[in-house]
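Here is the structure we will look at, set down as C-alpha cells.
Read-outs throughout are calculated quantities, based only on the coordinates presented, and are distinct from any laboratory measurement. Please read these numbers as outputs of a predicted model, since none were measured by experiment.
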Amino acid sequence: MTLCMQARNKSRSRGAQALVCLLLAVASSRATGQVSLTTVVELAQQKSTQVRLAEADVQKAASEAAQAHDAFIPSVSFGSGLPALPEIGFTGSLPSIWDGTVQSYVFSMPQFRYIQAARAGIKAAQSQLKDAREQAALDASSAYIELDTVDSELEAAHAQEQDAARLIEIEQQRTEAGVDPYSELLQAKLTAAEIRLHRLHLETRTATLAKQLEVLTGLPVGSIRPDHASIPEIPSVTADETPVTMPGIESSEQIAHSRELVAKGDREHLWLLPEVGFGLQYNRNTTLLNNIESYFNPAKPFPANNLSTGFSIKVPLFDPGLHAKAKESAAEALRAKVEAEQARKQNDIQVATLTSTLRELDAEAEVASLKQQLASEQLKAVTTELKVGNGADNEPNAPAQLSPEAEQKARIDERQKYQDALEAGLGLDKARLNLLRALGHMQDWLNELHAK
C-alpha cells in the first residue's frame with residue numbers, strides 16, 4: 001500500500017514538473033527564439049508514451065509486491081446474517097447480528113518465493129522505466145542534432161542559390177556575347193535547378209523533424225530553434241570500453257529471475273511442505289425472528305457472544321492441478337531466460353555492427369572535412385587570382401586568366417562540400433549516440449547534457 005501511494009505521489013509530482021518545464025520552455029522559446037537540448041530531452045522523457053507506460057508498470061509491480069506480502073498480514077472482514085423473515089426449524093447456521101473474521105498466512109514457503117518474485121518484478125519494471133527514458137532521450141537528441149545540422153545546411157543551400165543565380169547571369173551575358181557556348185548556360189541553369197531541388201529536400205526534412213520534435217516534446221511546431229551551443233561533444237566510444245549492462249537487458253534478466261522464483265514456489269507446493277494459517281472468528285448471535293433456543297438446554301441459554309481461534313495446517317498430498325501449474329511456470333521461466341539471453345546477444349551484435357560502421361563513418365567524415373577545407377582554399381585562390389591576376393601577363397603558354405563564372409562555381413562547390421561535411425558529421429554523431437546506448441553509457445551522456 002505504501003509503495004503504491006509513493007508511486008502515485010511521484011507520478012503527480014512528475015506531471016507537475018512536466019507542466020512547469022513545458023511552460024518555461026515555451027516562454028524561453030518566445031523570448032530567445034531557441035530551446036536548449038536539455039529542455040527538449042527533459043520534455044521528451046516526460047511526454048513519452050513508453051515512459052508513461054513504464055511508470056504504470058512500476059506502480060503495478062509495486063502493487064503486486066504489496067499484495068504478495070500482505071498475505072502474511074491479517075485481513076479483517078465483517079458481515080451480518082440477520083434474518084429477513086421468521087425462521088422455522090433448525091437451519092444449521094447461527095443467526096448472527098454481525099460477525100467478524102481474521103485470516104492470514106503464518107508460514108508458507110511458496111508464498112515467500114512469490115514475494116521474492118514480486119520484488120524482482122519491481123526491479124525489472126524500474127529498469128524498463130530507465131530504458132524507456134534513455135530511448136526517449138536518444139530519440140530527442142538525434143532529432144534535435146539533425147535539425148541543427150539541417151538548419152546549417154539550409155543556410156548553405158540559400159547561399160548556393162544566390163551564387164547559382166549570379167552564375168546564370170554571367171553565363172547569359174557570356175553566351176549573348178559569343179564567348180561561351182549555349183551549353184554552358186544550360187549547365188548553369190541545371191546547377192541552379194539541382195540546388196533548388198536539394199533546398200526543397202532540406203525544407204521537407206526540416207518540417208518532418210519539427211513535427212517529430214512536436215510529438216516528442218509537446219511544444220508547438222516551429223517553436224524549437226536549436227541552440228548549437230547547448231549540444232555537448234559526443235564522446236568517441238568503442239567496443240573496447242568496459243560495457244555496462246543496458247537497462248533493457250537488465251530488465252529482461254530480472255523478469256527471468258522473477259519467473260524462476262515463481263516456478264520454484266510452484267514446485268515447493270509439491271514437496272509436502274506444510275502451509276500454516278491463522279484464523280479468528282467472532283459471532284454476535286441473536287434470537288430475533290427465530291426459535292433457536294428451543295434446540296438448546298434451557299439451563300444453558302443460547303450464547304450471544306461466540307469466539308473461536310486456531311491454526312490451520314495444510315499439507316498437499318496429491319493435486320494434479322499443482323503439478324500442471326508447476327510445469328507451466330517452469331516453461332515460462334525457461335522462456336524468459338532464453339529471451340534475456342537473446343536480448344544480450346542481439347545487443348552484442350548491435351555493438352559489433354555499430355563499431356564497424358563507426359570506423360567507416362569516421363573515415364567518411366574525415367574525407368568530407370578535408371574536401372571542404374580543400375574547396376575553401378581553392379575558393380580563396382580563385383578569389384585572389386580574380387583580384388590580382390595570375391601573374392603570367394602575356395608570357396607564351398601561360399594559363400589563361402580566370403573568368404568571373406569560375407568564382408561562382410568555386411563558391412557553389414565550397415558550399416556543397418560544406419554540406420557534405422555536415423552530413424558526414426551528423427551520421428557519425430548518430431552512430432556514436434547509438435553505440436553509447438548499446439554499451440550502457442547513455443546515462444553518462446545525459447549527465448554531461450544536464451551539466452552543460
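Applying 0.36 nm per residue to the separation of Ala229 and Asp348 and subtracting their alpha-carbon distance, the gain on full extension is 39.5 nm.
Ser376 to Glu360: extension gain in nm, 0.36 nm per residue of separation minus the Cα-Cα distance?
Full extension of this stretch gives 3.3 nm more.
Rg/Rh, computed from the Cα trace of the range 161-210 with Rh as the Kirkwood radius, has the value 1.21. Straight Cα distances below 24 angstrom link Lys327 to the lysines Lys264, Lys314, Lys337, with same-chain residues fewer than 8 positions distant left out. For the pair Arg284 and Glu203 in one chain, pulling the backbone fully straight at 0.36 nm per residue adds 21.1 nm over the alpha carbon distance.
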